[in-house]
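A.B. asks: Pasting a structure here, questions to come.
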Amino acid sequence: MRWSILTPDLCAHWDGRALSFTAGVPRSAVPAEGEMENLWRTYYANIFNPARVKVHAMRAEMPKKYWRNLPEATLIPELLREAPRRVETMMKKSAAKNAKGDEWRPAPVPATSSLATLREAAQSCTACPLYKNATQTVFGEGPKKATLMLLGEQPGDQEDLSGKPFIGPAGQLLDRALEEAGIDRNAVYVTNTVKHFKWEPRGKRRIHQKPSSRDIAACRPWMEAELRVVRPAVLVCLGSTAAQALFGSSFRVTRERGRVLESELAPRVVTTVHPSSLLRQPDEESRRREYALFVDDLRAALRASTEK
Ligand code: URA
């Protein structure tokens, strides 16, 4: 930056390469203070990065009593007030596009206690790019008064076509296990962590793809709204996608399954495997063993839903 220091005795100038000195000048020769300061203030307001503001560090470097000597100091309170909004806008802009040009935006969740209104609003959700290749949003289903809520990963092929959660092969296995655990599926609220089917074509088939953490985060407001409205006594996470959406990516279902856990989203949470993992067991014996463990976990959830 080029600069000059003007004094009545001597002036010093830096042109970016060399320092030079000229004779002193009277105050009247100095460009109007306001002009220079306004230029500096405009520059400062533009380079001010709200995400990097450290008020304590600023005060430590330059005690507040000297702030009045800084032309930009008059801007700081206003810039700080604006900072949260500027940070949010910056984050939204950078989060809005990924390398593929896919866009993420806030889910349009209405403030309502009606499941029907939520379901209707979710139909037009474009919060993540999955809506583009899915037939429809598969919202949760079940009574508002349900004491158990089951949370899966995302709808599969059949769910995507029918608009209903857990009706395909994994859903049929789930139905059987629920019955064996003494749970009436019609009394349970069944939903998914992500409400659009994520898939890729393989020949004529649509192959399930795991949702990304961004897909999960974009869909989360819908799950939160379902939990707010239904307020189940126990939330059952089916599989690691659901469990990790609640407890973070280091959560291991294999370690915690069947235990009654606490979460900010539900007073009691029981995690277990996803029913589709039972379908993938290599032999009859492991299928039978895993199925029995799954039913045990569902029983634990039922017990926790009736305990005081
Ligand atoms: N798998 C899920 O996680 N949810 C469904 O609805 C179907 C299969």
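A.B. asks: Among DSSP beta bridges lying fully in the chain, give the percent that are antiparallel, nearest 5.
C.D. replies: In the chain, approximately 55 percent of DSSP beta bridges are antiparallel ones.
A.B. asks: Another question, then. How long are the three semi-axes of the equivalent ellipsoid of region 176-230, in whole Å, if each is the root of 5 times an eigenvalue of the C-alpha gyration tensor, listed from largest down?
C.D. replies: They are 26, 20, 8 Å, listed from largest to smallest.
A.B. asks: Filter the cross-link list Lys144/Lys195; Lys132/Lys198; Lys145/Lys308; Lys144/Lys164; Lys195/Lys308 down to pairs whose alpha-carbon distance in this structure exceeds 21 Å.
C.D. replies: Those over the limit are Lys195/Lys308.
A.B. asks: Students often get this wrong: which residues of region 158-179 have the backbone nitrogen under 15 Å from the point 7 angstrom along Cα-to-C-beta of Ala233?
C.D. replies: none
A.B. asks: Now for a separate question. Would you mind computing, in nm to one decimal, how far apart the modelled labels at Thr126 and Tyr43 are, each placed 7 Å from Cα along Cα→Cβ?
C.D. replies: Going by the 7 Å Cα→Cβ label model, 4.3 nm.
A.B. asks: Report the local net charge at Trp67: Lys and Arg +1, Asp and Glu -1, summed over other residues whose C-beta lies under 15 Å from its C-beta.
C.D. replies: +1
A.B. asks: Please give the Cα centre distance for region 53-83 versus region 161-236, rounded to the nearest Å.
C.D. replies: Between the Cα centres of region 53-83 and region 161-236 lies a distance of 50 Å.
A.B. asks: With n ≥ 4 as the cut-off for DSSP H runs, can you work out [θ] at 222 nm for the chain, using -39500 (n - 2.57) per run divided by the number of residues, rounded to the nearest 500?
C.D. replies: After summing the helix terms and dividing by the residues of the chain, the value is -13000 deg cm²/dmol.
A.B. asks: If you don't mind, there's one more thing I want to ask. Starting from the Cα of Ala32, step 7 Å along the direction of its Cβ; do the same at Lys210; then give the gap between the two resulting points in nm.
C.D. replies: Spacing of the two 7 Å Cα→Cβ label points: 6.5 nm.
A.B. asks: Quick one, could you list the DSSP H helices from the chain stretching 20 Å or more along their long axis (Cα atoms) with average Kyte-Doolittle hydropathy of -1.0 or above?
C.D. replies: Within the chain the helices that satisfy the rule are 33-47, 76-96, 213-230, 284-306.
A.B. asks: In addition: Any idea what the alpha-carbon Rg over 2.2 N^0.38 Å comes to for the chain?
C.D. replies: 1.53
A.B. asks: Measure off 7 Å from each Cα along the Cα-to-Cβ vector at Glu78 and Ala187, then give the distance between these two points in nanometres to one decimal.
C.D. replies: 6.3
A.B. asks: Quick check: net charge around Met149, other residues with Cβ under 13 Å of its Cβ, Lys/Arg +1 and Asp/Glu -1?
C.D. replies: Local net charge: +3.
A.B. asks: Taking R0 as 41 Å, what FRET efficiency do you get between Val25 and Leu70 from their Cβ-Cβ distance, rounded to the nearest 0.05?
C.D. replies: The formula returns an efficiency of 0.95 here.
A.B. asks: Follow-up. Which one of Pro221, Pro106, Pro26 has the biggest mean-square fluctuation once the chain is modelled by GNM with Cα springs under 10 Å?
C.D. replies: Pro26
Bear in mind these aren't lab numbers, they're just calculated from the coordinates by the rules spelled out. Quantities reported herein were computed from a predicted structural model and do not represent experimental measurements. Backbone-built Cβ (ideal geometry, glycine too); neighbour counts: all protein chains shown.
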